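What follows is one structure encoded as structure tokens, with my remarks underneath.
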Amino acid sequence: MAIFYPRKQTAIIFIVCLVVIIAAMYFSDTSLVAKKAKQLNDSSPVIAVKTDDTKTIKTLDGKDWKEQFFDVTKNSSAYKAEPQTEVTSIEEPVTVTDQFGRDFFARYMLLKQNNLTEDDESIKAVIDQSMDEIATQVSQPKLYFRKDILVSENSGPVAIKTYANAVGSLFYAKAPRENAALIASQALDANDPAELVSIPPIINSYTALLADLKRLPVPKELADHHIDLINGISAMLFVSDGMNKVFTDPIQSLVALNLYGTAQDALRGSLLQFKIYFADNKISFTPAEYGSFFATIK
């Protein structure tokens with residue numbers, strides 16, 4: 001099984017493309033932005049923003065802007081809206097990017113109402129708070145523990161070789177041979193979502209591999225190594241799924257890309273643990289045995 005590491009240039013291009021997508025989504029069409037902002041101003045709850053306490057920013061009526069943002073229940077003229085005869089419901093966001101867009105524009109409109117859109121400190125506070133909140137909402141790789149695997153009472157060289165051959169067989173049969181991050185980068189470069197068609201099979205491969213490894217009986221002396229292995233697979237599954245959302249949920253994809261190197265290192269490190277264990281315990285495999293797979297890990 002080949003383990004892929006994208007070039008640094010590819011990763012940088014990928015990140016830049018994501019930023020462009022997000023920016024284009026919310027800023028390129030001014031009429032769309034205006035419509036979105038009006039919906040948010042009419043129906044979204046007012047959310048306070050924070051900035052450095054050492055700097056006091058005044059609103060139009062002379063109040064500390066932080067105080068006014070927090071005091072959203074008072075009848076301040078800055079927050080008075082035209083009477084409405086009809087309330088239009090807004091569909092709940094379905095992606096992390098949607099939620100970030102709504103939260104950011106709600107806060108941005110508050111800045112605009114108080115003529116703070118030219119204040120770098122205020123804008124930074126809005127961005128930081130939006131990003132901090134969205135970080136708690138994005139999904140993360142699922143973690144597995146000893147209770148999630150099948151630990152066998154069998155131990156010794158024979159049981160270990162049987163296990164190693166089974167794991168090697170699964171990797172030869174089901175491990176993906178393609179790189180989801182590279183595919184997503186190429187799709188962004190071509191601006192063609194159709195090029196993501198190769199990612200779902202990668203997701204399916206990791207899903208099947210993970211399910212089989214969870215069902216595989218594990219000698220008790222290798223239980224901890226096995227947990228590390230399935231968590232490495234789980235991380236790669238998460239990354240691949242995130243890359244598949246690069247056009248539909250760019251922020252979630254950016255989170256996945258940020259974890260790509262960590263996920264690769266976790267998977268590779270778990271396989272190296274097995275290689276070292278087998279060498280230390282003088283357990284070897286012939287080229288005809290599936291356990292020889294571990295010798296290919298560098």
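No value in this document is a laboratory result; all are computed from the given coordinates. Since the model is a prediction, treat every value here as computed from it, not as a measurement. As a convention, Cβ positions derive from the backbone with ideal geometry for all residues, glycine included, and neighbour counts pool all protein chains shown.
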In sequence order, what are the phi-derived ³J(HN,Hα) couplings for the stretch 243-248 according to the Karplus relation 6.51 cos²θ - 1.76 cosθ + 1.60 with θ = phi - 60°, rounded to whole Hz, with x for glycine and proline?
5, 6, 9, 4, 8, 9
Distance violations [Cα-Cα > 28 Å] among LYS220/LYS282; LYS147/LYS298; LYS161/LYS245:
LYS147/LYS298; LYS161/LYS245
Linear extension gain, ARG215 paired with ALA173, 0.36 nm per residue minus alpha-carbon span
13.5 nm
Going by C-beta contacts inside 10 Å, put ILE276, ILE233, ILE199 in order with the fewest on the left.
ILE276, ILE199, ILE233
Of GLU195, GLU153, GLU121, how do they rank once you tally other Cβ atoms within 10 Å and put the fewest first?
GLU153, GLU121, GLU195
Sorting check: for 263-269, 250-256, which peptide has the highest mean count of neighbouring beta carbons within 10 Å, and how do the rest follow?
250-256, 263-269
Return LEU210, LEU170 ranked ascending by Cβ neighbour count within 10 Å, so the fewest neighbours appear first.
LEU170, LEU210
Bins of 5 Å, starting at 0 and running to the largest distance - Cα pair percent for the stretch 140-215
3, 13, 17, 17, 16, 12, 9, 6, 4, 2, 1
